1. Using mean Cβ contacts within 10 Å as the protection proxy, how do 246-254, 234-242, 88-96, 181-189 order, highest first?
2. With each run of n ≥ 4 DSSP H residues scored as -39500 (n - 2.57), what mean residue ellipticity at 222 nm is computed for the chain after dividing by its residue count and rounding to the nearest 500 deg cm²/dmol?
3. Which order do the peptides 71-78, 113-120, 100-107 take when ranked by the mean count of other beta-carbon atoms within 10 Å per residue, highest first?
4. Output the peptides 272-281, 121-130 sorted from most to least packed, where packing is the average of other Cβ atoms within 10 Å over each peptide's residues.
5. Tell me, what is the percent relative contact order of the chain, built from C-alpha pairs under 8 Å that lie six or more residues apart?
6. For the chain, take the longest principal axis of its alpha carbons; what is the angle in degrees between that and the long axis of helix 22-34, to the nearest 10 within 0 to 90?
7. What is the extension gain from residue 245 to residue 43, computed as 0.36 nm multiplied by their sequence separation minus the C-alpha to C-alpha distance, in nm to one decimal?
8. Give me the one-decimal nm value for the distance between modelled label points at residue 266 and residue 126, 7 Å along each residue's Cα-to-Cβ direction.
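None of the figures in this text is laboratory data; all of them are computed from the coordinates on show. In this text the structure is predicted, and so the values were computed from the model without any measurement. Virtual Cβ from ideal backbone geometry, glycine too; neighbours counted across all protein chains shown.
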């Protein structure tokens, strides 16, 4: 277990990739509910596309690597009130790794193009005037190109309860459980925090930051209705089934890091928003296991910058 930078939260060292999209998927109905009209239930559709590149990072065992990513999310939500909804979100992510070097993991070139497809079902429910419940179930497949998609399937679930201390502050506990590729299931707690510190400043631990998916804390400043500047810190872990024709046939590859970032967004996420972001991936580690679960190689890697941009549309 590794300590998280978020208060009262402990994050497993090998949190599975299936979980990392759950909190991000929950942001789709949240945005819809913020736009809820008083005249009754409605359907809300949202899409998001994002592209990013992490620049060359030196690997401690030898060599270096970079990675490019492209992601698309489609969400459909049925909103019955500003605090009640049920939805479905489909998320596809492609990651292209480039390894190079004459020694260590760079020379091993453990994987290339990775793909992840996940389906999440978020449900929000109000309990009285101050309590809210969030439940999400999800299934995902994460595999290298050339590996059978069904060999990287994992399932996950998440349950959180929050209490509205005031009109500007909601917080509460949550926990998740998820299976992992060729590893034991993981159970983990987390903290739900949604705090409107001032009319222009907010702090949240929802997984809907513009730069990365997964557990994160985001401080957002809105100097004007259409502009927002964000400062975030997150935990990312990706675990994929490797192809049978690679250097570790049928094994498992894992990449972990702590991204910190700044983001700048223009528009309204309930309708149209374009954003850019940049930051550093800190404390990174790469791990490769063979098909029997035996560690084949493991190494940390140097901190490295990343840049990206995205677009959100909703109607």
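1. Working: 246-254: 20.3, 234-242: 23.2, 88-96: 18.6, 181-189: 15.3.
Listed from highest to lowest mean packing, they are 234-242, 246-254, 88-96, 181-189.
2. Details: 3 runs with 22 residues, N = 315.
Computed ellipticity for the chain at 222 nm equals -2000 deg cm²/dmol.
3. Values: 71-78: 19.0, 113-120: 20.6, 100-107: 15.9.
Packing order, densest peptide first, comes out as 113-120, 71-78, 100-107.
4. On the way: 272-281: 18.6, 121-130: 14.9.
In decreasing order of mean packing, 272-281, 121-130 become 272-281, 121-130.
5. Numbers: 960 pairs, mean separation 55.8, N = 315.
After rounding, I find 18 percent.
6. Approximately 20 degrees, to the nearest 10.
7. On the way: separation 202, 0.36 × 202 = 72.72 nm, distance 4.50 nm.
The residue 245-residue 43 span can extend by a further 68.2 nm.
8. With each label placed 7 Å out from Cα toward Cβ, I get 3.6 nm.
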